Amino acid sequence: MKLNLTLACAPYDRTAALADGSIAPDGITLNFLPMEHGELFRRQARYAEFDVSEFSLSTYTMLLNRGDQRLVAIPVFPSRKFRHGDIFVNVHAGIREPRDLVGKRMGAMEYQQTAAVWQRAVLEHDYGVRPEQMEWYFGSFYGPAPFSDRIPFELPPGVRSRTIASEQSLDQMLDAGEIDALMGANLPPSFTRGSPNVARLFPNYQQVEQDYFRRTGIFPIMHTVVIKREVYEQHPWVAVSLFEAFVKAKAAAQKLLARHGAVYCMLPWLTEHLTARRELMGEDPFVYGLEANRPLLQAFLQYNREQGLLSRPFTVDELFAIETRDAGDQLASGGVQ
């Protein structure tokens with residue numbers, strides 16, 4: 001008899017085969033529940049509601065740091081994204097380069113957000129701007145709404161912050177000049193509708209991100225996949241079974257993208273884009289497995305510690321189910337067909 005598990009995850013090309021059932025984990029009947037990140041991460045962080053889920057890498061490490069063992073991760077990373085292009089400024093705030101952020105008012109949905117961890121790391125390590133050199137404003141990103149942290153969190157000493165009123169939003173405040181800059185994981189509505197008051201901190205962000213990758217080799221991980229510990233402890237084999245299925249689903253998506261003739265998705269120059277990506281980033285920028293991602297994960301843990309999100313040093317091996325530490329690397333490098 002197969003084990004019935006629910007997987008809550010945002011829809012991606014690399015998980016589509018799991019969603020439609022064309023690829024299934026061995027020994028598991030998977031109920032794929034498509035969900036957007038905000039609701040998913042809050043529900044999983046607070047209640048460990050889903051058997052398996054996509055999950056914020058930053059929030060996961062913070063839970064482990066405080067001794068919360070309800071979830072265990074496997075080295076699958078369905079979401080990666082460069083984040084230079086997701087920092088915005090009010091054009092009247094006198095910000096022409098990152099150093100100009102010193103002394104300014106910076107908005108963010110949450111200090112603990114994974115995207116913000118990478119963005120603060122870029123500002124500090126590449127441009128010398130530390131978190132305590134800005135005043136932080138936390139609140140709703142898109143429109144007026146009450147604010148609460150995904151999980152309770154006390155800001156590190158020296159970081160000044162305010163929580164905006166529920167009648168306000170960070171987007172509205174940026175457009176009005178009530179904050180000077182905004183970082184996050186999405187485009188602010190004021191920017192998408194063409195407000196003359198809002199612009200990117202890095203107008204040439206794609207070039208900057210490509211240069212960042214050439215220098216560091218980092219394609220930032222945003223999310224991992226977690227299993228409820230009670231499920232994992234009762235059925236330890238599910239870790240490798242799920243890992244294999246995610247690897248197979250990603251391979252199926254890559255095969256569709258590489259199909260010649262009629263393009264798979266609505267990108268007219270898809271083939272040219274894939275060629276450029278391959279030349280810069282290799283065959284699989286979304287590689288799964290621990291060893292292939294060890295340097296990146298070590299950097300991420302370092303940044304979390306520097307930014308006050310972790311109170312003790314962590315090793316990369318502590319993050320993932322032991323069954324996937326070695327087997328996962330073998331599978332991710334081509335062991336699954």
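The values are calculated or read from the model by the stated rules, or taken from the named source; none is laboratory data. Since we're looking at a predicted model, the values are computed, not measured. Because the Cβ atoms are built from the backbone with ideal geometry, glycine has one as well, and the counts that use them run over all protein chains shown.
Among the residues of this structure, Val89 does not count as one that is in contact (Cβ under 8 Å) with a residue 40 or more places away in the chain and under 17 Å from the mean Cα position of the chain (by Cα).
Every test in (1) touching a residue at least 24 places away in the same chain (Cβ under 8 Å); (2) surrounded by 15 or more Cβ atoms within 10 Å (Cβ to Cβ) is passed by Ser22 save one, and that test is (2). Out of curiosity, is Phe50 farther than 24 Å from Gln119 by Cβ, buried (at least 18 other Cβ atoms within 10 Å of the Cβ) and not assigned by TED's automatic domain parsing to the domain that holds Gln112? Here the answer is yes, as Phe50 does meet what is asked. Restricting attention to the range 224-270, the residues being assigned to a helix (DSSP H, G or I) and not β-branched (Val, Ile, Thr) number 23.
The residue of the range 80-95 that is nearest to Met222 (Cα to Cα), among those that are surrounded by fewer than 22 Cβ atoms within 10 Å (Cβ to Cβ) and out of contact with any Leu (no Cβ under 7 Å at 6 or more places or on another chain), is Arg80. Beta carbons closer than 9 Å, at least 6 apart along the sequence or on distinct chains, pair a first residue in the range 219-241 that is aromatic (Phe, Trp, Tyr) with a second that is modelled with pLDDT of 95 or more and part of a strand (DSSP E or B) for Phe219/Arg80; Tyr232/Leu71; Tyr232/Val72. Within the range 199-253, the residues that satisfy the criterion of being of a type in the set (S, T, N, Q) and either in contact with a Leu (Cβ under 8 Å, 6 or more places away or on another chain) or modelled with pLDDT under 95 (or both) are Gln210, Thr224. For the range 14-71, residues that are within 21 Å of the chain's Cα centre (by Cα) and at positive phi total 1. For Ala115, state whether it is closer than 15 Å to Leu309 by Cβ and either surrounded by 14 or more Cβ atoms within 10 Å (Cβ to Cβ) or basic (Lys, Arg) (or both). Against the criterion (closer than 15 Å to Leu309 by Cβ and either surrounded by 14 or more Cβ atoms within 10 Å (Cβ to Cβ) or basic (Lys, Arg) (or both)), Ala115 qualifies.
In the range 216-238 there is no residue matching the filter, namely being basic (Lys, Arg) and under 21 Å from Ala121 (Cα atoms). For the range 1-104, the strands (runs of 3 or more DSSP E) that sit wholly inside it and include 3 or more residues that are aliphatic (A, V, I, L, M) are 3-9, 28-34, 71-80. Mind listing just one residue for me: the one in the range 311-337 that is at pLDDT 85 or above and among the small types (Gly, Ala, Ser) and, of those, nearest to Lys250 (Cα to Cα)? Ranking the candidates gives Ala321 first. Does the range 206-221 contain at least one residue that is closer than 28 Å to Gln69 by Cβ, touching a His at 6+ places or on another chain (Cβ under 8 Å) and either in a loop (DSSP other than H, G, I, E, B) or not aromatic (Phe, Trp, Tyr) (or both)? Checked against the condition, which is being closer than 28 Å to Gln69 by Cβ, touching a His at 6+ places or on another chain (Cβ under 8 Å) and either in a loop (DSSP other than H, G, I, E, B) or not aromatic (Phe, Trp, Tyr) (or both), the range 206-221 yields no hits at all. Going by the structure shown, is Phe153 free of Cβ contacts under 8 Å to residues at least 24 places away in the same chain, outside the structural domain of Met62 (by TED's automatic domain parsing) and of a type in the set (Phe, Trp, Tyr)? No: the conditions fail for Phe153. Residues of the range 271-310 that are of a type in the set (Val, Ile, Thr) and surrounded by fewer than 19 Cβ atoms within 10 Å (Cβ to Cβ): Thr271, Thr275.
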